[in-house]
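Laboratory data are not the source of any read-out in this text; all were calculated from the coordinates shown. This is a predicted model, so every value here is computed, not measured. Positions of Cβ are generated from backbone atoms using ideal geometry, with glycine treated the same way; all protein chains shown enter the neighbour counts.
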Amino acid sequence: MEFQISDKQKKDVFVSVFQVLKNCSSIISCTFEEELLHIQGMDKSHICLFDVKLNKTWFNSYNISEKKIISFDSNIFHSIISTKSENQSFNFKMDSDNEDTLHIDFVTNAVKVEEDKNETKENKGKKEDKKNEKKVKKVKNTNDKENKQFKKFFKIPLTENDYNELSIPESEYDAEFTLSSKNIDDIFTQLNLFGNDIIINCSEENIYLTTNGVTGEMRVEIPIDDVSSYSIVEGEEIELTYSLIYLNKMCITNKLTEEVEFSLSNEFPMKILYPLGEDSSISFYMAPKISDD
């Protein structure tokens, strides 16, 4: 089992994925199949379910000969991959003779440095200019040594995780909308200052996000013309309440994608989708809070 990520943007996304997942669960189980990496789990209160699918084409290299499930401490894993340097690739592998350990290597990508060989007629044959040129080269070599990115090698022990993957059926939702992840992250952070729960109300004209508590009430009105996409069952109005604390802690981030998709229904848990491209995504499912009335 071996796979590699060398693309800078995907490395950042990979780190951000586990930054979110470690807030959901201290132990993460990864299912490696020939065509994709699948990660699924729930928080300890069983309020939120996360489902990650990374297609083999999302990786720079992905060599899985047979299905393999491994589990590890999500905090340790995130700490390791957070030590990456900009020009280093993630190399993950597991030896067949030692299946209790996952090897993580950071290898510096080959960067071709081209020196400027253009010379002007004025400094040809001038000793003083040659001395200056040597000084410049010497300084450059010194900087190269200072910025050297050394190889790093890690080992993380694998553990057991008593979790059975759930089959998530395709569902028809009553309302769906897409917003900028930056905007929704800012809004949810502000809402969290005033209450612990969020009421999401969707109609044919607007989307309302409301919270209230001892410090007051905050209500955000989002006209449907200001969202990237919006659909709702004709004549339908949806009002559902969710834990704002869990949403902020586990589901809402602006580090994965530029936009985030919300799907709501009176019959199913809310779905929050971050499309990662190349048939890859991370989804969160959260059940609404039931009113005491």
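Worth a mention:
- Relative contact order (percent, whole number), the range 175-286, Cα cutoff 8 Å, 6+ residue spacing: 30 percent
- Exposure proxy ranking, count of Cβ atoms within 10 Å, fewest first, for H46, H78: H46, H78
- Using 0.36 nm per residue and subtracting the Cα-Cα separation, the extra length available between E34 and E66 on full extension is 10.9 nm.
- Neighbour-count order for I168, I272, fewest beta carbons within 10 angstrom listed first: I168, I272
- For the chain, relative contact order (Cα pairs under 8 Å, six or more residues apart, normalised by length) works out to 20 percent.
- Cα centre as origin, Lys/Arg/Asp/Glu Cβ charges: the chain dipole, Debye: 3320 debye
- Shape call, the range 175-286: gyration tensor on alpha carbons, a/c limit 1.5: oblate
- For the range 1-111, with +1 on Lys and Arg beta carbons and -1 on Asp and Glu, the positive-most of F92, S82, Q40 along the dipole: S82
- Using distinct alpha-carbon pairs, which all enter the 1/r mean, Kirkwood radius of the chain in Å: 22.3 Å
- Only Lys, Arg, Asp and Glu carry charge here, each on its Cβ (+1 for the first two, -1 for the last two); on that basis the range 175-286 has a dipole of about 660 debye about its Cα centre.
- Most fluctuating residue given options K56, K44, K22, as computed from a GNM of the chain linking Cα atoms under 10 Å: K44
- Projecting label points 7 angstrom from Cα along Cα→Cβ for K8 and S79 puts them 2.8 nm apart.
- Counting only alpha carbon atoms, the long axis of helix 181-191 and the longest principal axis of the chain meet at about 50°.
- Cα centroid separation - the range 261-293 against the range 178-227, whole Å: 16 Å
- Cβ-to-Cβ counts within 10 Å put V214, V20 in ascending order as V214, V20, the fewest first.
- Helical contribution to [θ] at 222 nm, DSSP H n ≥ 4, -39,500 (n - 2.57), averaged over the chain, rounded to 500: -6000 deg cm²/dmol
- Between the range 235-250 and the range 58-113, the alpha-carbon centres lie 36 Å apart.
- Sites S96 and T57, calculated FRET efficiency, Cβ-Cβ separation with R0 25 Å, nearest 0.05: 0.50
- A simple spin-label model places pseudo-atoms 7 Å from Cα toward Cβ; at K289 and E205 they are separated by 2.7 nm.
- Cα gyration tensor shape of the range 223-267, rounded if a/c is under 1.5, else prolate or oblate by comparing a/b with b/c: oblate
- Taking the charge dipole of the chain about its Cα centre, with +1 at Lys and Arg Cβ atoms and -1 at Asp and Glu Cβ atoms, the residue from S228, T31, L191 reaching farthest to the positive side is T31.
- The stretch between S229 and T159, if pulled fully straight at 0.36 nm per residue, gains 21.0 nm over its current Cα-Cα span.
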